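**Student:** Mind having a look at this structure? Questions to follow.
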Amino acid sequence: MKQWTYALAGAAMALAAAMPVTPAAALTQQQIDACVNRSHNFSLDQQISGCTASIQSGRWSGKDLAWAYANRCIAYKDQKQYGRAMTDCDQAVKLDPRNDHAFNTRGVIYHLTGKYDQAIEEYSRAIRLNPNFLDPHHNRGMSYAAKGDYDTAIADYNAALKINPRDALALYERGIAKQKNGDQAGGQADIDAARQIDPKMGD
């Protein structure tokens with residue numbers, strides 16, 4: 001079973017989590033923390049509820065509100081509610097056209113629903129916005145691999161490994177792509193290296 005990594009919404013969420021809650025605000029710090037869910041201590045339902053409360057609180061607007069939609073998008077995606085997830089990611093991008101995390105998550109949704117060309121387009125947008133953002137590099141590689149374009153997939157995995165040489169997912173997926181491209185020995189070497197980093201990789 002393939003493993004995926006999904007980044008959270010970065011600095012905007014950290015800022016939101018750090019902001020003090022005044023007595024006049026209906027929103028609690030726990031609801032903000034649930035929406036951010038940085039350590040995955042909250043359930044997906046709690047994350048969705050926290051994001052909804054954050055959105056409805058009126059404390060943020062415009063670009064400053066994108067983080068809540070982006071996080072609720074992730075939670076809906078993890079619940080396989082892809083329509084709702086895409087609606088929220090679309091809103092995040094509308095509020096903040098430079099939200100690379102929302103573009104990446106939109107790519108994941110497209111990939112999971114078999115729309116690989118659309119996924120590649122979204123990942124490419126995320127990479128253009130932030131070339132050092134690891135996830136869209138290896139995610140785009142997985143979409144190219146799903147299309148049977150293993151050479152381009154390997155190039156994306158190479159790019160991911162330049163950012164983080166210990167990215168077990170990129171190593172593992174590069175190994176699979178190499179094997180499907182006829183390089184059995186090189187592929188197995190990558191798979192073995194990935195499992196040294198993460199013994200559960202590929203399970």
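**Student:** Is the shape of region 124-198 rounded, prolate or oblate, going by the alpha carbon gyration tensor and its root eigenvalues a ≥ b ≥ c, with a/c under 1.5 for rounded and a/b larger than b/c for prolate? Present the calculation step by step, with values, prior to reporting the outcome.
**Tutor:** Values: a/c = 2.59, a/b = 1.33, b/c = 1.94.
Here region 124-198 falls in the oblate category.
**Student:** If you don't mind, there's one more thing I want to ask. I need the calculated FRET efficiency for the pair T113 and I163, taking r as the beta carbon distance and R₀ as 30 Å, to the nearest 0.05.
**Tutor:** It comes to 0.65.
**Student:** Moving on. For region 43-99, which trypsin sites (Lys or Arg not before Pro) pass both filters: DSSP loop (anything but H, G, I, E, B) and at most 15 other C-beta atoms within 10 Å? Numbers along the way, then the final one.
**Tutor:** Working: sites: R59, K63, R72, K77, K80, R84, K94, R98; in loops: R59, K80, R98.
The qualifying sites are K80, R98.
**Student:** Same structure again: For log10 I(q)/I(0) by the Debye sum over Cα atoms at q = 0.11, 0.18 Å⁻¹, one of (1) -0.46, -1.34; (2) -0.49, -1.48; (3) -0.53, -1.16 was computed from the structure I shared and the rest are decoys. Which label?
**Tutor:** (3)
**Student:** Mind checking which lysines have their C-alpha under 20 Å from K63, skipping anything on the same chain fewer than 8 residues away?
**Tutor:** Hits, sequence-local ones excluded: K94.
**Student:** Still on this structure, I have one more. Starting from the Cα of K77, draw a straight line to each of the lysines and keep only those under 18 Å, dropping any in the same chain fewer than 8 residues away.
**Tutor:** Qualifying lysines at Cα under 18 Å: K2, K115.
**Student:** Pull out the extension gain between T152 and S124, defined as 0.36 nm times the separation in residues minus the alpha carbon to alpha carbon distance; nm, one decimal.
**Tutor:** 8.8 nm
**Student:** Between the DSSP loop rule and a limit of at most 15 other Cβ atoms within 10 Å, which trypsin sites (Lys or Arg not before Pro) in region 107-158 are left? Write down the numbers at each step before the final one.
**Tutor:** Values: sites: K115, R125, R128, R140, K147; in loops: K115, K147.
Here the sparse-neighbourhood loop sites are K115, K147.
**Student:** Okay, moving on. Summing -39500 (n - 2.57) over the DSSP H runs of n ≥ 4 in the chain and dividing by its residue number, what mean residue ellipticity at 222 nm do you reach, to the nearest 500 deg cm²/dmol? Write out the running numbers ahead of the final one.
**Tutor:** Details: 11 runs with 138 residues, N = 203.
Taken over the chain, the calculation gives -21500 deg cm²/dmol.
**Student:** What does the highest-first list of 106-112, 162-168 look like by mean Cβ count within 10 Å?
**Tutor:** Details: 106-112: 23.3, 162-168: 15.7.
Answer by packing, highest mean first, reads 106-112, 162-168.
**Student:** Still on this structure, I have one more. Can you compute the FRET efficiency between K94 and D45 using 1/(1 + (r/R0)^6), with r the Cβ-Cβ distance and R0 = 35 Å? Round to the nearest 0.05.
**Tutor:** Approximately 0.90, to the nearest 0.05.
We did not get these values from a lab; they are worked out from the coordinates using the rules stated. As the structure is a computational prediction, the values presented were derived from the model and not from experiment. Glycine gets a Cβ as well: all are built from the backbone with ideal geometry, and neighbour counts include every protein chain shown.
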